[in-house]
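Accompanying notes for the structure given below.
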Amino acid sequence: MTDTPHATLFFPFEIGQIAPPDKGTRALFLGAEPGFRLPEGFGAELTVAQASRPHFLALKKAGFAVEPTATGDGYDLALVALGRHRGEGENRIAEAFARLRPEGVLVAAGAKNEGADGFRRRMAAILPLDGSLSKHHGVAFWLRRREILPEELFPQPRSRDGELAELATAPGMFSRDRVDPGSRLLVENLPRDLGGAIADFGAGWGFLSLEMLKRPAITGIDLYEADWASLEAARANIAAQGGEGRTRFFWRDLLSEPVERAYDAVVMNPPFHRGRAAEPAIGAGFIRAAARALKPRGRLFLVANRGLPYEATLQEMFSESRELTRDAAYKILAARK
């Protein structure tokens with residue numbers, strides 16, 4: 001894993017700049033991805049917090065104690081993988097400090113091409129670092145938790161105007177600052193007779209479901225989402241609109257976990273990225289999952305970037321399919337089982 005921030009994160013332990021934690025101590029790892037190796041002599045009881053369902057399942061299979069979100073406090077060590085989004089990294093750092101005991105050690109690392117060096121400088125301006133280094137195309141830094149933490153460590157929620165002003169979103173979520181134009185185009189082109197039991201695949205923070213709840217013919221909506229934080233945001237947003245009685249929430253990896261219910265329709269804006277690379281196979285997997293979850297003659301409605309080649313998968317899995325509309329960036333596709 002020498003091309004990932006995880007290798008950079010553990011390098012200070014490997015070269016002796018940080019002593020590996022002893023048995024009887026407790027460590028928390030925020031943002032861990034599958035495949036990492038603990039350094040030699042790492043004796044702490046490790047708890048991993050990972051909100052991504054596919055990563056969660058892989059880490060659990062590997063034998064780690066893993067939770068979708070961090071819990072507890074008094075940890076002796078916190079490990080933080082910073083990730084691509086600055087705000088998400090800031091939130092992880094704040095979470096780690098809040099859960100460390102006084103004088104507990106925080107070690108953070110990220111990739112240079114994802115802004116980790118700038119993150120190190122910003123952190124050093126808030127609290128003095130105990131050390132830092134560059135290795136494996138990444139940057140690591142470490143410091144101890146002070147008894148009193150500066151307020152600058154804790155990001156303040158940004159005030160927002162417009163239709164997202166009252167909605168729960170957070171850094172790292174898809175379309176957290178504005179309604180995705182593809183999702184809006186999908187809502188505008190859903191048929192008037194849409195009703196019954198609906199599934200929202202890849203629900204995010206709940207935009208599609210919030211719009212569909214305005215239709216009285218829809219008797220219920222089940223939201224499926226692989227990101228725990230996004231699903232919890234959707235739950236909060238729907239509760240704020242009084243829609244709890246018609247919704248259920250499922251933290252699922254639709255590419256590996258079966259859907260156990262059958263639906264009259266599936267509506268979705270499927271993801272097609274893993275990291276920075278486009279992977280149309282993810283959206284194709286969502287289409288196959290939708291076909292398996294639909295009742296006979298059930299319908300699928302989805303939005304996709306115009307260049308994504310989903311038509312062949314629709315023809316493979318459905319008795320009929322067609323394009324409803326398109327604009328300069330997106331196309332709306334429909335299929336019937």
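Side notes on the structure shown:
- Cα shape, segment 41-91, gyration tensor, a/c 1.5 rule: oblate
- Our coupling estimate for segment 107-119, obtained by passing each phi through the Karplus curve with A = 6.51, B = -1.76, C = 1.60 and θ = phi - 60°, is 10, 10, 8, x, 6, 4, 6, 10, x, 5, 5, x, 5 Hz, Gly and Pro reported as x.
- The distance separating the Cα centre of segment 68-122 from that of segment 164-223 comes to 32 Å.
- GluC sites (Glu not before Pro) within segment 214-271, DSSP loop, no more than 14 other Cβ atoms inside 10 Å: E260
- Annotation: for a label point projected 7 angstrom from Cα along Cα→Cβ of A197, residues of segment 227-266 with backbone N closer than 15 Å are 246-250, 259-266.
- Seen from every direction in turn and averaged, the convex hull around the alpha carbons of the chain projects onto 18.1 nm².
- The chain, helix-only ellipticity at 222 nm - DSSP H runs n ≥ 4, -39,500 (n - 2.57), divided by all residues, nearest 500: -8000 deg cm²/dmol
- Separation of the H137 and E151 label points, Cα + 7 Å toward Cβ, nm: 4.0 nm
- Cα-based shape type of segment 224-311, given that a ≥ b ≥ c are square roots of the gyration tensor eigenvalues and the cut on a/c is 1.5: oblate
- In the chain, a dipole from Cβ-located charges (positive for Lys and Arg, negative for Asp and Glu) runs towards its positive end, and of G89, P150, A293 it is A293 whose Cα lies farthest in that direction.
- Measuring nothing but protein heavy atoms, the accessible surface of the chain at 1.4 Å probe radius is 48 percent carbon and sulfur.
- Förster-model FRET efficiency, 41 Å R0, L324 and R122, C-beta, rounded to 0.05: 0.35
- The magnitude of the dipole of segment 86-214, with charges of +1 and -1 set on the Cβ of Lys/Arg and Asp/Glu and taken from the Cα centre, is near 560 debye.
- In segment 55-197, Cα pairs under 8 Å separated by at least six residues give a relative contact order of 20 percent.
- In nm, spacing of pseudo-spin labels at I15 and E311 (7 Å Cα→C-beta vector): 5.5 nm
- In the context of the full set of protein chains, the chain has a per residue accessible area of 48 Å² (1.4 Å probe).
- Pairs of Cα atoms nearer than 8 Å and 6+ residues apart set the relative contact order; for the chain it is 12 percent.
- Pair L129, A98: separation of 7 Å Cα→Cβ label points (nm): 2.5 nm
The values are calculated or read from the model by the stated rules, or taken from the named source; none is laboratory data. Everything quoted here is computed from the prediction, not taken from an experiment. For neighbour counting, all protein chains shown are included, and Cβ atoms are generated from backbone atoms with ideal geometry for every residue, glycine included. Please note that ligands, DNA and RNA were not included when accessible areas were found on the heavy atoms of the full protein model with its side chains. Shrake-Rupley method; radii C 1.70, N 1.55, O 1.52, S 1.80 Å.
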